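Since the structure comes first, as structure tokens, the remarks are kept for the end.
The values are calculated or read from the model by the stated rules, or taken from the named source; none is laboratory data. Please read all numbers here as calculations on a predicted model, not as lab measurements. Note that we place each Cβ from the backbone using ideal geometry, even for glycine, and neighbour counts take in every protein chain shown.
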């Protein structure tokens, strides 16, 4: 069983709240097969994503970060962003499944990253 950031079981999460289904304005599938899904993630300036989750572990390649971003949990509480806001792009982050959250882009330019999701867990994981 894969454990999420909040220690819950992603297999119990509502599929309707999957990022691609719940927030399609921000999550576009670039490629998908039985093992992986590659998703382009973008948040325009001033936009707020709809609540969603990422049920599979992933590698998140962020090529355009914003300095003024806020992340919120399912209850609407502001939570720390799971990645730094200051770095030399690209940032490559190994991410566990991410429970329901949504990000507000309060900056004047767009955020962009590519999330490579591993439907069967990371290779070599037991």
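Before moving on, here are some points about what is shown:
- Remark: residue 110 falls outside the filter, which requires a residue to be surrounded by fewer than 17 Cβ atoms within 10 Å (Cβ to Cβ), under 19 Å from residue 21 (Cβ atoms) and in contact (Cβ under 8 Å) with a residue 12 or more places away in the chain.
- Residue within the stretch 86-103 that is touching a helix residue (DSSP H, G or I) at 6+ places or on another chain (Cβ under 8 Å), surrounded by fewer than 17 Cβ atoms within 10 Å (Cβ to Cβ), in a strand (DSSP E or B) and free of Cβ contacts under 8 Å to residues at least 40 places away in the same chain present: no
- Odd one out for residue 66, checked against (1) crowded, with 17+ Cβ neighbours inside 10 Å; (2) more than 13 Å from the chain's Cα centre (by Cα); (3) at pLDDT 95 or above: (3)
- Residues being within 19 Å of residue 111 (Cβ to Cβ), at pLDDT 95 or above and loosely packed, with under 13 Cβ neighbours inside 10 Å - total across the stretch 69-82: 1
- Strands (runs of 3 or more DSSP E) contained in the stretch 24-82 and holding at least 3 residues out of contact with any strand residue (DSSP E or B) (no Cβ under 7 Å at 6 or more places or on another chain), closer than 20 Å to residue 122 by Cβ and without any contact (Cβ under 8 Å) to a residue 60 or more places away in the chain: none
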